[in-house]
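The structure appears right after this line, and notes come after that.
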Amino acid sequence: MVESLGLYLHIPFCKHKCDYCDFYSVAGQDDRMDAYQKALLQHIAETAPQTKKQSVTSIYIGGGTPTWYGEKRIRELLGAVRKQFNVSRDAEITCEANPDSASFKTLNTLRRAGVNRISLGMQSCQDCELQAVGRIHTYAQVKDAVAAARKAKIRNLNLDLIYGLPGQTMESWRESVEAALALEPEHLSCYGLTLEEGTPLYNRVQAGEKVPDDDMQADCYLWTVQRLAEAGYGQYEISNFAKPGFQSRHNLRYWMGLPYVGLGAAAHSDFGGCRYSYVRDLDAYIDGVLNGGRLLDEMDRIPQRERSSEYLMLRMRTVHGIEEWEYRREYYMNFDPLATRLAEYEQRGWAARTDRRWHFTPEGFLLSNRLIGELLEIQEAGTLENTLEKIRRGRSLEPDRADQPGKDSNGGGTGASATEKH
């Protein structure tokens, strides 16, 4: 069976960098676009041969602002990917867009190049809230961009929204959600504002600017989950909601721990048992690809034990959640301590079981960082206990080996292995 693969292309260029953004992106360096394109095309050609046994089922072009990079460059990239990777015929191909650079001409060219999903950065319907965080579009441009997408025959549209913006109230957040619903997207991503250290907004808040507190963000979140459910959008991850059949296939890869390859400056990959990322610098990336300079930023081979932690961290972000025998089968670990703690969460309204799978409720998602941390501590304690038990069993066999020199020394190993799998 051919393994599926996700492909991510990072376009770091922006017309203007938002005040809250911590993703790697650059503004005012449009003169480097052609050199970056050359490097990215070469990187595609060099990477594709390593993936011949995989079928690419999702492609995500993110940034930055890919539509600011230009539809012709995106079309060229997708042509190279289709030529050199094994792209499935029904692959989901997403391109991020900002309303100010999402014209009909641009979106129509992208759709003809194979893009079948657009993720549009709406964020709010209140122009004052957009201006407060350095967004350069207006709500009127959002409506125009959605109309352009539909005219271009884009039938899978996501809108991003953010709650917790400076000056935002519960009423204005509700107005933004209702405005988004009126545009009838197939998918909605609703994120709570995160203040990332070093960003302009973080510095402003440190200097005394006020933003909505955690209690208001919690109220916004719980209301949103209920309102979107009423509107027919099923929640499938903490911040993501979709009409039936329109869950983001590419993002689900991350949350389900499936392999993906990222190309571009600061892009991350999880492929071939390794997790790695490329340098977080535009010129260094270009030099690394074209001239043989340092390209990798970090690279780690991920042991099975760490994968078990990722299983908890990522799956519990989704309503799919985790399941006992799936966990035992994949990681040979005891699920009982986790089940005990999850049952406690269930009593408090933070978790639920559906078809043998444990997942958080909306109230649990609000506390997910803390709750997942507790589950990881329980897992770590169980791993340590197993290790100590194996050591104890190994030591108890040592006198027998000394008394019976002819005994097969593998006997102790078999016992330890059985303990690990139990």
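Each reported figure results from applying straightforward, stated rules to the coordinates on display, with no laboratory input. Predicted model only: the values in this text are computed from it and were never measured. Quick reminder, even Gly has a Cβ in these numbers, built from the backbone with ideal geometry, and neighbours come from all protein chains shown.
In nanometres, what is the gap between the two model label sites at Met256 and Arg155, each 7 Å from Cα along Cα-to-Cβ?
Here the modelled spin labels are 2.2 nm apart.
With r defined as the distance between the Cβ atoms of Arg227 and Leu290 and R0 fixed at 51 Å, what FRET efficiency is calculated, to the nearest 0.05?
Efficiency computed from Cβ-Cβ geometry: 0.55.
So which of Lys15/Lys151; Lys83/Lys105; Lys53/Lys83; Lys52/Lys105; Lys15/Lys243; Lys15/Lys83 end up more than 27 Å apart, counting from Cα to Cα?
Checking Cα-Cα distances, Lys52/Lys105; Lys15/Lys243; Lys15/Lys83 exceed 27 Å.
Stretched out fully, how many nm does the piece from Glu306 to Lys210 gain, at 0.36 nm a residue minus the Cα gap?
30.7 nm
Could you please report the charge total around Val279, scoring K, R as +1 and D, E as -1 over all other residues with beta-carbon less than 14 angstrom from its beta-carbon?
Once positives and negatives cancel, what remains is -3.
When the gyration tensor of the range 3-256 is built from Cα positions, what are the square roots of 5 times its three eigenvalues, in whole Å, from largest to smallest? Present the calculation step by step, with values, prior to reporting the outcome.
Details: eigenvalues 185, 91, 60 Å².
With the √(5λ) rule applied to the range 3-256, the semi-axes are 30, 21, 17 Å.
Under a 10 Å cutoff between Cα atoms, tell me which one of Thr318, Thr94, Thr47 has the largest fluctuation in the Gaussian network model of the chain.
Thr47
Hand me the trypsin sites (Lys or Arg not before Pro) from the range 158-232 located in a DSSP loop with no more than 15 other Cβ atoms within 10 Å, in residue order please.
Sparse-neighbourhood loop trypsin sites (Lys or Arg not before Pro): Lys210.
Let me spell out the model: positive unit charges on the Cβ of Lys and Arg, negative unit charges on the Cβ of Asp and Glu, origin at the Cα centre of the range 235-351. What dipole size does that give, in debye rounded to 20?
With Lys and Arg at +1 and Asp and Glu at -1, about 260 debye.
Give a quick list of trypsin sites (Lys or Arg not before Pro) in the range 1-82 that DSSP marks as loop, anything other than H, G, I, E or B, with at most 12 other Cβ atoms within 10 Å.
Counting only loop positions with at most 12 other Cβ atoms within 10 Å, the trypsin sites (Lys or Arg not before Pro) in the range 1-82 are Lys52, Lys53.
In debye to the nearest 20, how big a dipole does the chain give about its Cα centre with +1 on each Lys and Arg Cβ and -1 on each Asp and Glu Cβ? List each step's numbers first, then the result.
Working: 52 positive and 59 negative charges, 369 e Å.
Magnitude of the dipole: close to 1780 debye.
Where does the charge balance sit around Leu188 when Lys and Arg score +1, Asp and Glu -1, over other residues with C-beta under 10 Å from its C-beta?
My count for the surroundings of Leu188 gives -1.
Between Arg348 and Asp283, how many nm apart are label points set 7 Å from Cα along the C-beta direction?
The two pseudo-label positions are separated by 5.1 nm.
Normalised by the residues of the range 288-380, what does the relative contact order come to in percent, with Cα pairs under 8 Å and at least six apart?
Across the range 288-380, relative contact order equals 28 percent.
Please give, to one decimal in nm, the separation of the simple spin-label points placed at Thr169 and Arg328, each 7 Å out from Cα toward the Cβ.
5.5 nm
Plugging the Kirkwood radius over Cα pairs into Stokes-Einstein for the range 101-199, at a temperature of 10 °C and a viscosity of 1.306 mPa s, what D comes out in µm²/s?
Roughly 113 µm²/s, to the nearest whole number.
Using +1 at the C-beta of Lys and Arg and -1 at the C-beta of Asp and Glu, which of Leu41, His320, Thr138 has the Cα lying farthest in the positive direction of the dipole of the chain?
Result: Leu41.
Using the Cα centre of the chain as origin and beta-carbon charges of +1 (Lys, Arg) and -1 (Asp, Glu), tell me which of Thr51, Met216, Cys274 is placed farthest towards the positive end of the dipole.
In the chain, that residue is Thr51.
Based on the Cβ-Cβ distance of Ile136 and Lys53, what FRET efficiency does E = 1/(1 + (r/R0)^6) give at R0 = 35 Å, to the nearest 0.05?
Given R0 = 35 Å and the Cβ-Cβ separation, E is 0.20.
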